[in-house]
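Worksheet: the structure to be examined is printed underneath.
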Amino acid sequence: MNVDVTINGDDLTAIIQVTGDLAYGSTDVFVRAVADLTARARGLRHLRVDMAALRFFDSAGLASLLTAHSQAVAAGMELHLDNRPAQLNRVLDITGMQKLFAAG
């Protein structure tokens, strides 16, 4: 799994791009990227996670999204999950997690 982080030109938005699998054994890269970003990026209002290149996710991936949500909220940010695959939307809806994440 690859994770790329960029800060938008307006200095209010950070974008994390997830490529590959968000699954057991690979979530630590994502969680670490979110933790590093929320710890150092003062003044950001939005954390956008681009899921367009997400290939697969499992329960560990869902847990990492909950961790990211908690970290973002603690840092005063709103977490957006952009370009979600249909299967992720379905799982978020079934689990009641849909309301935690803004759609982009």
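Laboratory data are not the source of any read-out in this text; all were calculated from the coordinates shown. Just so you know, these numbers come straight off a predicted model, no measurement behind them. When we count neighbours, we look across all protein chains shown, and the Cβ atoms used for this are built from the backbone with ideal geometry, even at glycine.
Values as computed for the structure displayed
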item	result
Dipole magnitude of segment 2-100, debye to nearest 20 (Cβ charges: Lys/Arg +1, Asp/Glu -1, about Cα centre)	160 debye
Phi to ³J(HN,Hα) by Karplus 6.51 cos²θ - 1.76 cosθ + 1.60 over segment 87-101, Hz, x for Gly, Pro	5, 5, 4, 5, 5, 4, 5, 4, 7, x, 7, 3, 5, 7, 10
Value of [θ]222 nm, deg cm²/dmol, for the chain, DSSP H segments ≥ 4, -39500 (n - 2.57) each, nearest 500	-12500 deg cm²/dmol
Which of Ser70, Ser64 has the fewest Cβ neighbours within 10 Å, and the rest in rising order	Ser70, Ser64
Cleavage-rule hits, trypsin sites (Lys or Arg not before Pro), segment 31-72, DSSP coil, Cβ neighbours within 10 Å at most 15	Arg42, Arg45
Dipole of the chain [Lys/Arg +1, Asp/Glu -1 at C-beta], most positive-end residue of Thr38, Phe101, Ala86	Phe101
Cα-based Rg of the chain normalised by 2.2 N^0.38 Å, two decimals	0.97
Angle in degrees between helix 27-40 and the longest Cα principal axis of the chain, rounded to the nearest 10	20 degrees
